[in-house]
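**Q** Following this message is one structure expressed as structure tokens.
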Amino acid sequence: MALLPSEPLLSADNVFAMGAVIFSLAWLGFWIDRTWLGRKTSGVIWVLLVGMALSNTRVLPFSSPSYDFVSAYLVPLSIPLLLFKANLRRVLVDGGPVLLAFGLAALGTTLGAVIGFFALDLGELGHKAAGAYTGGWIGGAVNLVGVSKAVELTPDEFAIVIGASSGVSIIMLMTLVALPSIGPLRRIIPSPTIDEAKNADSNIAAEEVQIPFRLTHVAGALAASFAICAISYTVAAHLGLDSYSILFVTALAILAANILPKTFGALDGDFQLGMFAMYLFFAAIGLGTNVLSFLEHAPVLFFYGLVILAVHMTVVLVGAAVFKIDLAQAIVGSGAALVGPAPTAAIASTQGWFGLVTPGIMCGILGYAIATFVGVALSGFLGGL
């Protein structure tokens with residue numbers, strides 16, 4: 001007799017019920033962020049954990065059009081909202097350490113893939129998985145897919161590789177969010193950025209009350225974000241670069257913010273809207289994660305991913321200590337490689353590191369640009385041994 005029902009209690013097509021859960025999880029994250037628990041662990045972790053608990057106990061489905069809507073539409077829409085106040089001159093001044101941390105992260109991912117390849121028996125799939133994971137954890141999902149196609153993974157092999165990576169990606173995300181709360185690490189790698197955010201924490205509620213809700217500003221910010229997404233996706237499709245549409249969205253948003261800095265700088269509530277969309281994104285990620293699937297089908301690849309993560313974090317943290325990189329900057333640079341620009345922007349914004357949002361996104365985009373080449377090259381090298 002099965003301990004869990006074979007079908008979820010809520011139908012994937014029940015849009016209102018699914019929406020109620022996703023929005024409730026986002027509310028839960030915001031609420032926890034205002035408590036002592038959130039200051040220790042971050043509300044994002046609890047959004048992910050509760051989401052995973054609901055889907056893995058079959059209360060909710062692992063896939064739903066509602067999740068797809070959040071990922072396909074709300075995430076791109078949130079990028080301009082988070083970037084309307086981006087100042088490129090500040091990025092050039094403050095983004096150097098983040099870029100260095102990203103370089104360390106890319107090196108750590110590559111070294112982890114090589115070490116895991118020789119330490120574990122991955123079979124004939126090994127060199128292909130190494131390339132795919134290197135591409136995915138320097139760039140993003142689009143790079144993982146690109147490398148998989150380039151190294152000619154079969155559909156079944158790709159399903160195994162992507163299934164094993166999903167659980168590791170969640171662990172990566174939760175690790176990044178949890179690092180600021182580790183006291184010994186904070187002593188080894190100081191972070192004025194984290195200290196400033198914590199010192200301002202007691203004033204967060206008052207600051208939020210003081211933020212005016214102006215319908216003209218909110219409507220204008222949403223209209224501008226929709227317009228940027230519409231133009232970007234149209235141009236990307238015209239150029240045959242549909243998979244890279246998010247790069248066009250980011251570039252156009254940064255361009256608009258720097259051409260009209262006074263106009264976008266005067267908006268109220270745009271950044272908060274972007275953060276809200278990001279919490280919905282984390283809720284969808286948690287709900288869509290099947291914890292048992294990758295353990296049942298590809299345990300060795302799951303542990304391979306953990307080896308890559310361990311080496312990656314070791315290289316980043318040791319490098320941060322050696323080169324005196326702020327811990328927050330190291331986390332953002334690492335996140336830009338491991339989880340991509342959108343989740344990294346969410347991590348930075350939810351932690352209160354607002355000055356690191358744009359550098360994180362830009363490093364994530366750099367990862368998109370180089371990761372496929374690195375992954376394919378590594379796969380070819382390991383396959384030829």
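**Q** If you take the residues in the stretch 143-190 that are among the charged types (D, E, K, R) and assigned to a helix (DSSP H, G or I), which one is surrounded by the most Cβ atoms within 10 Å (Cβ to Cβ)?
**A** So the residue we want is GLU157.
**Q** Here's another thing I want to ask about it. Do you know which of the residues in the stretch 357-369 that are of a type in the set (A, V, I, L, M) and surrounded by 15 or more Cβ atoms within 10 Å (Cβ to Cβ) is nearest to LEU247 (Cα to Cα)?
**A** Restricting to residues being of a type in the set (A, V, I, L, M) and surrounded by 15 or more Cβ atoms within 10 Å (Cβ to Cβ), the top hit is ILE365.
**Q** With the requirement that a residue be touching a residue at least 60 places away in the same chain (Cβ under 8 Å) and buried (at least 16 other Cβ atoms within 10 Å of the Cβ), what does the stretch 238-250 give you?
**A** TYR244, SER245, ILE246, LEU247, VAL249, THR250
**Q** Which condition breaks for VAL59 when tested against (1) modelled with pLDDT of 85 or more; (2) in a helix (DSSP H, G or I); (3) out of contact with any helix residue (DSSP H, G or I) (no Cβ under 7 Å at 6 or more places or on another chain)?
**A** (2)
**Q** Next question. Please determine, by comparing only the residues of the stretch 306-353 that are over 16 Å from the mean Cα position of the chain (by Cα) and without any contact (Cβ under 8 Å) to a residue 40 or more places away in the chain, which one is surrounded by the most Cβ atoms within 10 Å (Cβ to Cβ).
**A** Ranking the qualifying residues of the stretch 306-353, first place goes to VAL318.
**Q** Which is among the small types (Gly, Ala, Ser) and crowded, with 21+ Cβ neighbours inside 10 Å, of GLY103, GLY123, GLY96, GLY139?
**A** Result: GLY139 is the single residue among GLY103, GLY123, GLY96, GLY139 that is among the small types (Gly, Ala, Ser) and crowded, with 21+ Cβ neighbours inside 10 Å.
**Q** Just wondering, is there one or more residues in the stretch 222-236 that are hydrophobic (A, V, I, L, M, F, W, C), buried (at least 21 other Cβ atoms within 10 Å of the Cβ) and modelled with pLDDT under 85?
**A** No.
The values are calculated or read from the model by the stated rules, or taken from the named source; none is laboratory data. The structure displayed is predicted, hence computed values, not measured ones. With ideal geometry, Cβ positions are generated from the backbone for all residues, glycine too; neighbour counts draw on all protein chains shown.
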